């Protein structure tokens, strides 16, 4: 069965002046994330859009690299899927420290879609090459327990 294709609205659905906090309930526990709409508004907009569509609910983490990253957000579960659209790169001076939330992509810098990763340890060699759009605020212990095949049960966003 083919993955559903999403078409994100052309206009910005988020307000870069507001705070966006994500609660990701996994089979290993809960992770809280703070998004950076001022640094990567298009990526935050897309992530919030997909969360509100229920896109991430039930998806698995398809990649685990010990001491590096845990990656998820592929509806196929293979590392080859996405939402049906791409988000242009928004590189910044934000660094890849432990707990960094960033968007995965293919070789083309403008090929990000729905796949994201969370750094388990600092990864400075990724700085200014991938879009950092958030960070873990609670649950880093849960991030470190996640492995390939673990599931995102529900993902929700709170705006303040």
| note | Listed residues 68, 133, 116; largest mean-square fluctuation, Gaussian network over the chain with Cα springs below 10 Å, found at 68
| said: Computed from the coordinates I sent, percent of Cα pairs over 25 Å apart equals one of (i) 45; (ii) 20; (iii) 35. Tell me the label. | reply: (ii)
| For the chain, what is the mean residue ellipticity at 222 nm derived from helices alone (per DSSP H run of n ≥ 4: -39500 (n - 2.57); sum divided by total residues; nearest 500 deg cm²/dmol)? | -3000 deg cm²/dmol
| request: Specify whether the C-alpha gyration tensor of the range 58-146 places it in the rounded, prolate or oblate class, a ≥ b ≥ c being the square roots of the eigenvalues: rounded for a/c under 1.5, otherwise prolate if a/b is larger than b/c and oblate if not. | output: oblate
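Taken together, the values in this text are just the output of simple stated rules run on the coordinates, not laboratory data. None of the values given here were measured: they were computed from a predicted structure.
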